[in-house]
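Worksheet: one structure, shown below.
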Amino acid sequence: MLVHVSLGQAQTALDSRDPQIEGLIERMTLEEKAGQLTVLADEIRLLNPNTNPDANRRRADELLKEVRAGRVGALFNGRGVEGARVAQRTASEESRMKIPLMFGGDVIHGYRTVFPIPLGEAASFEPVLAERTARVTAIEATAGGLHWNFAPMVDIARDQRWGRVAEGAGEDAYLGKLFAAARVRGYRGEHLANADSMLATPKHFAAYGAVAGGMEYNTVDISPQTLREVHLPPFKAAFDAGALSTMSSFNEINGVPATANYELLTKILRGEWGFKGFVVSDYTSDMELIAHGYAANEREAAKLAFLAGVDMSMQSGLYIEHLPDLVKSGEVPLAALDRSVRRVLRIKKALGLFDDPYRSLDPAREAADLKRPEHRALAREAARRSIVLLKNRQNVLPLARDTKIALIGPFAEDRLHLHGPWTLFANDQEAVTVADGIAAALEDPTLLQVVQGSSFETPLRGGIDAAVQAANEADVVLLAIGETHDMSGEAQSRTDIVVPAAQQMLAEALAATGKPIVVLLRNGRALALQGAVRDADAILVTWFLGSETGNAIADVLFGAANPSARLPVSFPIEPGQQPFYYNHKRTGRPFIKGEAREFKARYREVPNEALYPFGFGLSYSTFEYAPINLSGTTLPWDGKLTVSTRITNTSDRAGEEVAQPYIHDRVASLTRPVRELKGFRKVKLEPGESIEVSFAIRRADLEFVGRDLKWIAEPGVFDVWIAPSSVAGTAKTFRLLAEHDAAATSARTGAD
Ligand code: BGC
């Protein structure tokens with residue numbers, strides 16, 4: 001099932017001129033060309049109206065007229081094959097040029113079968129799992145009539161107030177790169193032309209996750225080094241894996257909106273990286289150049305976006321409105337228009353649409369492929385492998401199947417908040433609730449008592465009393481609390497990233513019963529856990545797990561699955577620590593645990609550390625790391641050093657551990673983070689089993705973006721760890737030797 005496209009292969013495949021496409025371009029009018037560069041919301045098929053703001057909407061019949069006139073080249077977020085066939089017939093049989101439409105959509109973590117939110121899935125530290133869920137997503141989405149996925153979202157998010165943290169792979173660029181590439185491979189499958197393959201769109205290009213204060217759509221003011229080192233690498237990895245479109249982001253970067261950013265969209269993307277696909281704007285982001293104060297009017301906005309490198313305009317209609325005239329007036333060169341049309345048509349061709357406009361519009365496939373049991377099985381597997389165990393005092397978990405349980409909280413029986421943000425094509429009624437999953441796993445379902453206790457954000461009359469009574473009658477309390485699905489996702493930034501007050505009150509009341517409490521946290525971001533939630537006996541981070549939520553949680557609660565996920569984002573102690581990320585700089589006055597606290601880089605109230613750091617997660621097994629070994633103390637410029645350790649499962653339960661190598665560059669011409677993840681390996685160990693885990697370190701692993709914006713490595717001393725989290729372990733040091741260092745030469749010849 002897993003197919004690996006070699007790096008850059010998909011990009012170079014689009015190099016040569018195609019006679020069919022050149023023939024079309026020769027015959028197309030300016031308006032038809034601008035039409036191919038216009039994507040509009042699909043009003044012909046049922047559209048979820050709550051996805052985007054109301055802008056440039058048309059009735060279905062008006063839209064079909066536009067399609068017939070060749071004034072639109074792609075539609076997005078429509079549902080169902082039947083309507084798509086109508087639109088496609090209009091384009092490919094009734095329009096003058098007969099160019100087929102391309103159907104796009106936001107299929108972020110599943111189409112009909114919903115997988116964990118991407119952040120949750122990143123916690124698995126298994127890119128292969130993401131590749132598999134992306135493959136199934138593409139199978140279902142293409143069965144539903146889509147060709148083009150507005151995913152993966154590969155934005156790095158270092159501030160948990162930002163609502164779109166949920167859609168990405170978290171705070172670390174290395175992890176982000178691997179998940180970005182895996183998802184692209186999964187969407188694409190074996191060959192883009194296959195009926196079940198999708199064009200991937202890594203988004204949002206770029207630095208959208210770096211918005212000031214974590215506030216959605218806000219300004220990004222960022223050093224060019226951080227941009228290149230942290231925010232761009234997942235995009236590059238996605239393109240290397242074969243992604244052939246990308247979406248320009250809403251935000252500005254250092255004063256220039258991304259959607260009009262020539263430096264980003266042309267110099268870096270095409271000049272440095274050789275990207276051969278097309279760039280689509282985000283939803284009306286070209287029009288928003290006016291609100292940014294960067295364009296005076298719509299005509300200018302269209303011109304600035306287009307000339308910067310945005311090939312296709314989403315939803316504003318600015319390109320169809322203004323590009324023909326901009327070309328006539330000479331403000332936009334015809335050759336530039338043709339080039340963008342060529343990019344789009346080539347991809348339509350690569351998708352197989354010229355051979356068969358009805359590819360992926362097969363009612364039989366739609367009926368067969370959306371509800372396959374193997375898709376649900378994968379959803380359950382992905383969900384349980386995404387659950388992070390943060391705490392397990394006195395091994396309260398796993399539970400015996402004859403435990404008397406009080407399942408309490410607004411998420412206990414809820415159905416609306418299982419899927420999480422961006423699940424436009426799924427059906428809430430098909431997901432397994434927490435209560436149903438647990439009841440099915442118990443020997444006797446009457447052992448389970450379910451009490452709501454509180455609403456999501458407001459107390460429930462008599463709720464706490466009923467909850468306390470149920471708790472008193474039970475052996476253990478499972479507390480299903482956290483965030484609703486609309487607290488994360490687009491436009492859902494929060495200032496106070498905590499469990500809502502009404503639910504916190506419920507938790508405090510239940511803690512007073514003295515019963516063991518297991519928190520089942522529902523969350524789209526890292527939260528600052530407080531009071532009785534923080535102090536619970538056990539905490540499971542269950543994100544938004546999708547279709548199989550209840551079954552996956554039950555698998556972990558009763559030990560059918562042993563938790564193996566690790567945090568892809570740091571859980572802070574207090575919300576006010578944001579932005580918080582493990583790979584921060586050291587500062588001139590670093591706070592060091594156990595040393596004097598005054599005049600140090602810290603807040604008054606809390607130390608400068610996470611409650612649960614990036615990379616952290618427990619298992620029902622326990623593991624021990626032996627001190628790490630280095631194959632030498634020096635790394636020759638072109639050489640290799642091996643760092644290794646022995647990990648032992650010291651428990652009587654088989655389990656999986658995620659070994660994480662980190663490095664720290666002690667002195668450099670630009671200051672370096674305290675630690676940086678450089679790899680990871682998930683290993684399965686039987687009870688008592690030991691395994692040797694080793695990683696190769698080469699100069700490339702030590703590179704950073706220097707003053708001249710090139711990746712460089714500098715000779716000097718480095719710390720290295722192999723650890724179970726971003727703050728654990730004991731470092732060893734080695735020295736990277738200079739290129740012509742005598743020791744390097746001797747090491748290369750084996751004389752060292
Ligand atoms: C979002 C994109 C999405 C687009 C189309 C925008 O508001 O930022 O991520 O792909 O809408 O729905």
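Each listed q (0.12 Å⁻¹) maps to a log10 I(q)/I(0) for the chain from the Debye sum over equal C-alpha point scatterers, namely -1.37.
For the stretch 250-356, a Kirkwood hydrodynamic radius built from all Cα pairs, placed in the Stokes-Einstein relation at 20 °C and 1.002 mPa s, yields a translational diffusion coefficient of 152 µm²/s.
For the stretch 590-690, carbon and sulfur atoms together expose 49% of the accessible surface, with a 1.4 angstrom probe and every protein chain in place. Based on protein heavy atoms only, the chain ends up with 36 Å² per residue of surface accessible to a 1.4 Å probe. Within the chain, DSSP assigns beta bridges of which about 55% are antiparallel (rounded to the nearest 5). Its DSSP H runs of at least 4 residues, each contributing -39,500 (n - 2.57), put the calculated 222 nm mean residue ellipticity of the chain at -7500 deg cm²/dmol, to the nearest 500. For the stretch 645-720 and the stretch 260-285, what is the centre-to-centre distance using only Cα atoms, to the nearest Å? Going from one Cα centre to the other spans 32 Å.
Between MET487, TYR217, GLY80, the Cα set farthest toward the positive side of the dipole of the chain (charges on each charged residue's Cβ, about the Cα centre) is that of TYR217.
Taking the Cα centre of the chain as reference, the dipole from Cβ charges on Lys and Arg (+1) and Asp and Glu (-1) amounts to some 1280 debye. For the stretch 383-577, which whole-number percentage of the solvent-accessible area (1.4 Å probe, protein heavy atoms only) is attributable to carbon and sulfur atoms? Within the stretch 383-577, the accessible surface is 45 percent carbon and sulfur.
By the gyration tensor of its Cα atoms, with a ≥ b ≥ c the square roots of the eigenvalues, what is the shape of the stretch 623-749: rounded for a/c under 1.5, prolate for a/b over b/c, or oblate? Here the stretch 623-749 falls in the prolate category. When +1 charges are put on Lys and Arg Cβ atoms and -1 charges on Asp and Glu Cβ atoms, the dipole computed for the stretch 84-225 relative to its Cα centre reaches about 440 debye.
Modelled label positions at TRP273 and ALA291, each set 7 Å beyond Cα in the direction of Cβ, lie 2.6 nm from each other.
The values are calculated or read from the model by the stated rules, or taken from the named source; none is laboratory data. All figures in this text were calculated on a predicted structure; none of them were measured in a lab. We place every Cβ from the backbone using ideal geometry, glycine too, and count neighbours over all the protein chains shown. Please note that ligands, DNA and RNA were not included when accessible areas were found on the heavy atoms of the full protein model with its side chains. Shrake-Rupley method; radii C 1.70, N 1.55, O 1.52, S 1.80 Å.
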